[in-house]
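What follows is one structure encoded as structure tokens, with my remarks underneath.
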Protein chains: 2
Amino acid sequence: MPEFATAPISPMRITLDVAAATVDPAGPVLTRRMSDLEGLFADRTEWKRAVEDDADPVVYTVSSSPVPEIDRELPQSITTIRPGTCGGEFFMTKGHQHPNPQGEIYLGLSGVGGLLLFDGQRTEWIDMAPGVIGYIPPHWAHRSVNVGDEPYSFLAVYPGCAGHDYQWVLEHGMGARVMRAPSGYELVPFQR
Amino acid sequence: MPEFATAPISPMRITLDVAAATVDPAGPVLTRRMSDLEGLFADRTEWKRAVEDDADPVVYTVSSSPVPEIDRELPQSITTIRPGTCGGEFFMTKGHQHPNPQGEIYLGLSGVGGLLLFDGQRTEWIDMAPGVIGYIPPHWAHRSVNVGDEPYSFLAVYPGCAGHDYQWVLEHGMGARVMRAPSGYELVPFQR
């Protein structure tokens, strides 16, 4: 089978456990703690305090199915962001660009959150809830944010060839920050 | 923007209405009647009778989101297969191959059904229910079947570059047929 870079996989039945935010069978599981989000929250003093004095809390986890991140495959994962803030800024994912520009979908599973998108000039925000798809077109950096009081979980489906560029977000930001506000949340312009 | 064959689309919030099996905003909607499934059911006499004397019933519908079927986009649709049989063979989709081999996922939304896969030699069957992902690797033809008494709906997510080849299934079959049986359903070997 010379056309395959990796041995092809077989059809697969994958069960979503929304309550546990896991998939079965399970593939790689990522845990992102506050220390993994260095340089992303505006309030660096509060970020440092959380890392050093607040036991470096888990901010989010990513449970992937066994479908590999290679060309022609369509992997999936469940991301769960814990509720919380750092200096008034809601817990969020690192955010990334796809080095190979490919569309992606997020499907809300539980809790309430949002999808922040930035193409280098324009910023978009999509309110997420169970049964809502947030569509991420190619060329748009994307980050998820938990704006509620419960864990926010969503299913991601993305082409295996897309890749993940986290450095782009560190360099360019996401156009806005999502801050706690009397009405719930507000987007404020991004400033370094 | 010379890299785009079609003008890029903006981020989009798409709501799934599982009860109505629709998406909002809506894109193309397909309705497949019995007459559209010529040559697929084993019992041609019963198929002809249904078309001519049974008002050519709707077998399934496909409601797509507005995300276009073009390279780098990741379109989605909800397919709903009505309950029923034709000569003992359960209502099903036409089935297709992707001319450009790309993986696809089906996520069960309501009802019970199955995903029949065929790579030209091997046949696989995945029992589908709400919260179950059926993973379709590249190079596997795929067809959905309603084996229950209620409508069976699922969300499909697939790369916009994959395409649809229905002729392949007419020529090669799907390796098996899914027939009503005392226990519910059974797979019987495909014969022309």
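Tabulated data for the structure shown
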{"item": "Flag if B:Thr15 is hydroxyl-bearing (Ser, Thr, Tyr), away from chain A (no Cβ under 12 Å) and assigned to a strand (DSSP E or B)", "result": "no"}
{"item": "Matching residues in segment A:43-92 - criterion: being of a type in the set (A, V, I, L, M) and part of a loop (DSSP other than H, G, I, E, B)", "result": "A:Ala55, A:Val67, A:Ile70, A:Leu74"}
{"item": "Options B:Ala181, B:Ala162, B:Ala176, B:Ala129: the member that is surrounded by fewer than 24 Cβ atoms within 10 Å (Cβ to Cβ), more than 14 Å from chain A (Cβ to nearest Cβ) and either hydrophobic (A, V, I, L, M, F, W, C) or out of contact with any strand residue (DSSP E or B) (no Cβ under 8 Å at 6 or more places or on another chain) (or both)", "result": "B:Ala181"}
{"item": "Failed condition for B:Val169, given (1) surrounded by fewer than 24 Cβ atoms within 10 Å (Cβ to Cβ); (2) in a strand (DSSP E or B)", "result": "(2)"}
{"item": "Residue that is under 23 Å from A:Ile9 (Cα atoms) and surrounded by fewer than 17 Cβ atoms within 10 Å (Cβ to Cβ), where the choices are A:Pro57, A:Pro75, A:Pro66, A:Pro83", "result": "A:Pro66"}
{"item": "Among the candidates B:Glu104, B:Glu89, residue that is modelled with pLDDT of 95 or more, farther than 16 Å from B:Thr61 by Cα and within 14 Å of chain A (Cβ to nearest Cβ)", "result": "B:Glu104"}
{"item": "Criterion violated by B:Tyr158 - all others in (1) closer than 14 Å to B:Thr79 by Cβ; (2) among the aromatic types (Phe, Trp, Tyr); (3) in contact with a Phe, Trp or Tyr (Cβ under 9 Å, 6 or more places away or on another chain) satisfied", "result": "(3)"}
{"item": "Given (1) more than 14 Å from the chain's Cα centre (by Cα); (2) not in a strand (DSSP E or B), number of the condition A:Met174 does not satisfy", "result": "(1)"}
{"item": "In segment A:148-159, residue surrounded by the fewest Cβ atoms within 10 Å (Cβ to Cβ) [restricted to those that are outside any loop (DSSP other than H, G, I, E, B) and within 14 Å of chain B (Cβ to nearest Cβ)]", "result": "A:Ala156"}
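The values are calculated or read from the model by the stated rules, or taken from the named source; none is laboratory data. Please read these numbers as outputs of a predicted model, since none were measured by experiment. Neighbour counts run over all protein chains shown; Cβ positions are idealised from the backbone, glycine included.
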